[in-house]
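Data first, discussion second: the structure below is written as structure tokens.
The values are calculated or read from the model by the stated rules, or taken from the named source; none is laboratory data. None of the values given here were measured: they were computed from a predicted structure. Note: ideal-geometry Cβ built from the backbone for every residue, glycine included; neighbour counts use all protein chains shown. Calculation scope for accessible area: heavy atoms of the full protein, side chains included, ligands and nucleic acids excluded. Shrake-Rupley method; radii C 1.70, N 1.55, O 1.52, S 1.80 Å.
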Amino acid sequence: MTERYGKLTLLLPLMFVLLGILPVSAVEFAYKSALDDQYRILSKVDERVYINGTYSHHANILNKISARVVEVQDDKAKIEATFLTSESREGNVTVYELNQEYESTFWRSRLGRYEIAPIYYMPVVRDVPTFPGRDLKPGDSWQADGEEVHDLRQGYGIPDPFLFPMTVNYRYLGEGTYEGKNADLISIQYSIAQRADSYYDRYPLYPRRITGYSDQIMYWDRREGQPMAYEENFSIVFDLSNGDSYEFTGTATAKLVRSRSMDKETVKDELERRIAENGIPDAGVRVGDDGVIISLENIQFKADSAVPLPGEMDKLKRVVSLLKLYPDRDILVTGHTALAGTAEGRMALSLERARTVATFLKDELNIDDDRLMIEGKGAGEPVAPNDTEEGKRKNRRVEITILEN
């Protein structure tokens, strides 16, 4: 355990407790929630994929979750959350591509039980952790039901969330530290052995059997009543109705970060003032659902490529000076094109141009990969008609969103 978690601070107190040398203090674990609480969870997955027992590829998956408590009752809180997921294969991460965005609303009790409508795909793991509602001492264990939910619309055509239950085993390991802060350590383990019921027989392809396991250590913040982080080893195998077998195995980490509210109108006003002072051409600012958007119209690339013309780099450097005003905010870069060529070509070009801009910003700002995400919209969200050169000029743009949460 010391090799895996590097937590000598855990083992010595636990050893002395077991020997009866130190007094044991009991802890009751429970979530604490207050109205308008905001937090982010950053999760990274390092995964290897095997198809029919043969190695297929290596993937890095980044999940960004933003959550806000919108209502509190006696023993539960209502949470609204946004989940952004991205994937980069073979571990070659420069910037992460936004693959999917989910919205979810659910109630969570103080002991960790969920009330959530069956339409939601996120969170993937629910009712974990669930606490027993009694005082716990190091070494105490308990069991509770949990469930996993997967999105099988793409590739399988199954329109509803694919849900299966599991029994989760918990053990309170004692006190330790996480990033220099005191934490309670909880072991979380469960096995998966599930056969799909007849509901899925109507689809030509579906997981006939799901097997696997999850082995986690959670770092719990007793004072805040929230998890600080977790570390996980996992493996899950989908045996499909066509006889193929897909295995996903790897490690995952996650950490929770408290979020500061963003006064989006104030940020917008500040950026407009700075853009005018810096003389950044063809730049505008607006408030969006996810944050404040800097729109760079008519950004010039070499024909049919993602290589910026030399004059554009000066414009981007001046944008970097704006982004440095918000060092604790994540960034989303979105590429757009005018209506020319094929839809597939426009989408690919818009994504590559977003990647070029994001890579430049990452290097200039000297920030981690997980602070940036990209997406391509092709010509799907025009801001002007495409039947004039002026309209096309406005539609050839890159948008940089300073994310609220």
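For segment 384-405, what are the residues that are in contact with a helix residue (DSSP H, G or I) (Cβ under 9 Å, 6 or more places away or on another chain), open to solvent by 30 Å² or more (accessible area, probe 1.4 Å) and free of Cβ contacts under 8 Å to residues at least 24 places away in the same chain?
Answer for segment 384-405, where residues must be in contact with a helix residue (DSSP H, G or I) (Cβ under 9 Å, 6 or more places away or on another chain), open to solvent by 30 Å² or more (accessible area, probe 1.4 Å) and free of Cβ contacts under 8 Å to residues at least 24 places away in the same chain: just P385.
E344: in contact with a helix residue (DSSP H, G or I) (Cβ under 6 Å, 6 or more places away or on another chain), open to solvent by 60 Å² or more (accessible area, probe 1.4 Å) and closer than 24 Å to S88 by Cβ, yes or no?
no
Of all residues in segment 239-266, which are more than 30 Å from N182 (Cβ to Cβ), in contact (Cβ under 8 Å) with a residue 24 or more places away in the chain, assigned to a loop (DSSP other than H, G, I, E, B) and charged (D, E, K, R)?
D244
Name the strands (runs of 3 or more DSSP E) wholly within segment 147-238 that hold at least 2 residues that are closer than 25 Å to N52 by Cβ, of a type outside the set (A, V, I, L, M) and open to solvent by less than 20 Å² (accessible area, probe 1.4 Å)?
162-178, 207-221
Please go through (1) open to solvent by less than 30 Å² (accessible area, probe 1.4 Å); (2) part of a strand (DSSP E or B) for R353 and return the number of the only condition it doesn't satisfy.
Tallying (1) open to solvent by less than 30 Å² (accessible area, probe 1.4 Å); (2) part of a strand (DSSP E or B), R353 fails exactly one: (2).
Given the conditions (1) surrounded by fewer than 18 Cβ atoms within 10 Å (Cβ to Cβ); (2) without any contact (Cβ under 8 Å) to a residue 40 or more places away in the chain; (3) farther than 23 Å from S191 by Cα, and given that K137 satisfies all but one, which numbered condition is not satisfied?
Only one criterion is unmet by K137, namely (2).
Of the residues E97, E101, which single one is over 19 Å from D221 (Cα atoms), open to solvent by less than 60 Å² (accessible area, probe 1.4 Å), part of a strand (DSSP E or B) and acidic (D, E)?
Every option except E97 fails the conditions.
Looking only at segment 267-277, count every residue that is within 24 Å of N395 (Cβ to Cβ) and in contact with a helix residue (DSSP H, G or I) (Cβ under 8 Å, 6 or more places away or on another chain) and tell me the total.
Here the count works out to 2.
Is one or more of the residues making up segment 72-88 closer than 30 Å to L361 by Cα, among the acidic types (D, E), open to solvent by 20 Å² or more (accessible area, probe 1.4 Å) and in contact (Cβ under 8 Å) with a residue 40 or more places away in the chain?
Checking segment 72-88: not a single residue is closer than 30 Å to L361 by Cα, among the acidic types (D, E), open to solvent by 20 Å² or more (accessible area, probe 1.4 Å) and in contact (Cβ under 8 Å) with a residue 40 or more places away in the chain.
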